[in-house]
Amino acid sequence: IERIDSYYNFEILSGTWIIEFQTGDIAIEYINKLVASGHIWSFYPLIDKDINLRYEPNDPYYESGDQWYLDNYGQNDGLSGIDLNTQGAWNDYTGDGIVIGVVDDGIDYDHPDLSPNFLNSYSYDYCGNDTDAMPTDSDSDGEIDWHGTAVAGIVAGKGDNNLGIAGVAYNASIVGLRLVANDCEYEYDNDHTLNDLAISETLIHELENIDIYTNSWGPSDSGFRLGGAGPLSMASLEYGITEGRDGLGSIYTWANGNGLDNNDQSNKDGFANSRYTISVGSVDWQGEQTWFAETGSNMLVSAPSFNYFGDPAIFTTDVSGSDGDTSTDYTSDMGGTSASTPMVAGVVALMLEANQNLTWRDVQYILVETSRKVDTDHLGWFQTRVDNWYNHAYGYGLVDAEAAVNMAKTWESVGDELTVNTGEIAVDEYIPDSDDDGITSRVIVNESINVESVEIMVDIFHPYRGDLNVILTSPNGIQSELVLAHNDNGDHYANWVFNSVVHWGENSFGEWTLRVSDTVGGTTGEFRSWNLTFYGTAGADDDQDGLPNYVESVIGTGPANPDFDADGLLDGEEFYGWSDYNGFQHRTDPKHWDTDRDTVGDWIEGLGFEDTGFVTD
């Protein structure tokens with residue numbers, strides 16, 4: 001009793017006592033004796049835990065559970081926790097001060113759940129070439145275009161106003177950029193591909209004022225389409241990530257495509273395939289890939305959507321009145337990767353409010369690090385070289401708003417972007433028909449950067465490109481499925497650039513392979529050439545010898561000694577090449593002081609003019 005300050009019986013659980021000892025040491029010593037003697041069965045300390053209030057807005061359709069993608073607690077037989085986990089982020093951040101451009105078919109800015117956040121001054125109708133982004137019945141079917149209004153509600157519908165729904169970033173500002181309606185003055189072709197100039201102008205519209213551009217559209221998901229992004233559009237994306245947000249880079253979220261049922265693959269979509277965009281896939285309310293969500297090595301993350309009809313869909317704003325998707329001001333029919341994409345845009349808005357200094361690359365880093373593995377039984381999951389989980393059907397997993405915001409708050413921006421290019425790798429071989437092994441081409445990359453994304457340009461001649469598998473393998477054995485065989489009777493991959501985020505965190509140094517195989521008999525083709533471009537950051541070089549730590553670990557020189565073989569030349573000089581007194585280049589062995597084994601050291605042969613009187617090889 002002398003060792004105890006207080007005690008009392010915990011009546012709810014019979015036989016349980018709460019005891020406060022004078023010190024922790026006394027508690028451990030005394031209670032362990034009681035356990036050993038059989039007087040008590042078990043004990044544990046009552047440790048203070050850090051907790052956060054999880055903010056809940058008062059919007060009726062949020063409180064009712066209809067917006068399960070924001071808070072999935074198992075309603076409608078859903079899997080609890082398969083949601084964006086916004087509540088913890090909302091404690092401090094709701095998107096205030098962030099401007100989001102909704103590139104779509106217009107926004108009903110009179111809707112009471114959208115009008116408080118709508119910025120008319122920045123909005124524009126690229127279909128009618130005026131400043132009114134209100135949707136119309138563009139295809140004359142008796143229904144007002146409602147897609148953009150639904151997207152706007154998901155990303156930034158006004159929250160905590162006792163009305164309707166809450167958007168993911170419910171205090172962010174919305175800009176309507178009407179582009180993809182059927183009454184645009186820019187001509188469509190048969191695949192509904194917009195005029196390249198119109199798209200390019202939209203993607204940098206009000207660049208100095210818009211932080212995020214969310215895009216829930218793309219080329220046809222038929223499986224027969226390759227491309228969709230013209231050179232003007234790609235130039236605008238590059239300009240946006242370079243000049244937008246005062247040089248930090250605009251953020252572009254993009255729907256990964258709804259063509260899985262047609263065996264379409266997202267690396268064939270020039271927009272979603274771009275390294276400048278955040279490509280978004282879809283999971284259902286059980287955390288499983290939806291029937292429509294395309295796969296690809298370009299996909300960064302996933303977010304909720306609906307699956308089969310009858311399953312819970314995405315509840316959001318509809319065109320006011322009875323002329324939209326429903327006879328009310330809200331719809332429960334929103335789905336596709338169109339619904340998932342603005343969710344990620346909303347999460348990014350919360351991140352930018354938490355840290356306005358994030359670059360476009362920082363945003364991608366944080367999403368990679370904080371997204372969650374779902375559907376753990378899916379066979380496509382594997383761990384990358386840096387122990388992140390990746391799946392070509394899910395990217396790095398389900399976006400987690402609270403985790404992303406918490407990381408964003410203290411994130412230090414990554415270093416300047418570096419580029420490593422292999423140059424063209426000629427192959428010029430016929431691809432064996434109906435042969436899973438195909439042709440494998442190899443390239444040794446001696447330059448070392450920590451990889452973010454990889455662009456793979458291929459020149460493959462084949463009159464039925466759907467026969468082909470194209471797979472990139474890193475020196476660590478990690479594989480990017482750039483495209484797999486499917487029913488596409490189009491011609492060739494002629495200088496097509498595939499993008500992969502699968503190798504995020506790996507190093508470019510080592511042997512990379514590209515395998516092209518023709519798995520279906522009937523037509524033959526030729527693997528002509530390929531080219532690798534790595535984008536990333538410089539690796540650490542602790543001994544400052546010009547050879548990054550990673551390379552030294554591979555070749556065995558070690559990162560702590562700048563001149564491993566003590567021949568007077570830095571390891572990096574020897575590995576990458578150095579000039580002698582006569583200006584001739586040499587590459588010598590950083591692990592041996594006398595590369596040519598002639599008993600005269602490397603430095604003395606090339607640089608020891610005063611010692612020898614000669615420059616030798």
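The values are calculated or read from the model by the stated rules, or taken from the named source; none is laboratory data. These numbers were taken from a predicted model, which means no experiment stands behind them. Heads up, the Cβs are rebuilt from the backbone with ideal geometry, glycines too, and the neighbour counts pull from every protein chain shown. Areas reflect the complete protein model, heavy atoms only, side chains present, ligands, DNA and RNA absent. Shrake-Rupley method; radii C 1.70, N 1.55, O 1.52, S 1.80 Å.
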Practice problem: For the stretch 485-617, give the percent of accessible area contributed by carbon and sulfur heavy atoms, probe 1.4 Å, rounded to a whole number. | Solution: 52
Exercise. Express the accessible area of the stretch 387-446 per residue in Å², computed with a 1.4 Å probe while the remaining protein chains stay in the model.
Key: 50
Exercise. May I ask you to list the residues of the stretch 529-571 whose amide nitrogen lies under 17 Å from a point 7 Å from Cα along the Cα→beta-carbon direction of residue 586?
Key: 563-571
Quiz prompt | 1.4 Å probe accessible area per residue over the stretch 298-368, in Å² | solution = 25
Self-check item: Accessible carbon and sulfur surface of the stretch 56-206 relative to its total accessible area, %, 1.4 Å
Solution: 42
Quiz item: Residues with beta-carbon under 10 Å from that of residue 504, excluding residue 504: net charge, scoring Lys, Arg +1 and Asp, Glu -1?
Solution: -2
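Kindly provide the chymotrypsin sites (Phe, Trp or Tyr not before Pro) of the stretch 1-91 that DSSP labels as loop, not H, G, I, E or B, and whose Cβ sees at most 11 other Cβ atoms within 10 Å. List each step's numbers first, then the result.
Values: sites: 7, 8, 10, 17, 21, 30, 41, 43, 55, 61, 62, 68, 69, 73, 90; in loops: 41, 43, 55, 68, 69, 73.
Here the sparse-neighbourhood loop sites are 41, 73.
Roughly speaking, what is the stretch gain from residue 523 to residue 130, that is 0.36 nm per residue apart minus the C-alpha to C-alpha distance, in nm to one decimal? Kindly include the intermediate steps, with their values, before the conclusion.
Working: separation 393, 0.36 × 393 = 141.48 nm, distance 5.03 nm.
Additional length available on full extension: 136.4 nm.
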Quiz item: How far apart, in nm, are the 7 Å Cα→Cβ label points at residue 12 and residue 96?
Solution: 3.6
Self-check item: Positive-end residue of 371, 310, 568, charge dipole of the chain with Cβ unit charges
Solution: 310
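Please label the shape of the chain as rounded, prolate or oblate, based on the square roots a ≥ b ≥ c of the eigenvalues of the alpha-carbon gyration tensor (a/c under 1.5 means rounded; beyond that, a/b larger than b/c means prolate, else oblate). Present the calculation step by step, with values, prior to reporting the outcome.
On the way: a/c = 1.94, a/b = 1.15, b/c = 1.69.
Oblate is the answer for the chain, as a/c is 1.5 or above yet b/c matches or exceeds a/b.
So with the 1.4 Å probe, I'd like the accessible area per residue for the stretch 1-118, rounded to whole Å².
Working: 7470 Å² over 118 residues.
Accessible area per residue, the stretch 1-118: 63 Å².
Full extension from residue 3 to residue 43: what is 0.36 nm times the residue separation minus their Cα-Cα distance, to one decimal in nm?
Working: separation 40, 0.36 × 40 = 14.40 nm, distance 1.69 nm.
Extra length available between residue 3 and residue 43 comes to 12.7 nm.
Take the Cβ-Cβ distance between residue 377 and residue 80 as r, set R0 to 22 Å, and report the resulting FRET efficiency rounded to the nearest 0.05. Show your work: numbers first, answer last.
Details: r = 17 Å, r/R0 = 0.78.
Calculated transfer efficiency: 0.80.
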Quiz item: For the pair residue 120 and residue 426, what calculated FRET efficiency results from E = 1/(1 + (r/R0)^6), where r is the Cβ-Cβ distance and R0 = 60 Å, to the nearest 0.05?
Solution: 0.60
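Mind checking which helices in the chain clear 24 Å along their axis (Cα) and have mean Kyte-Doolittle hydropathy of 0.5 or more, DSSP H runs only?
Details: long enough: 336-354 (29 Å, 1.17).
Span-like helices in the chain: 336-354.
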Quiz item: What percentage of the solvent-accessible surface of the stretch 338-447, computed with a 1.4 Å probe over protein heavy atoms, is contributed by carbon and sulfur atoms?
Solution: 40
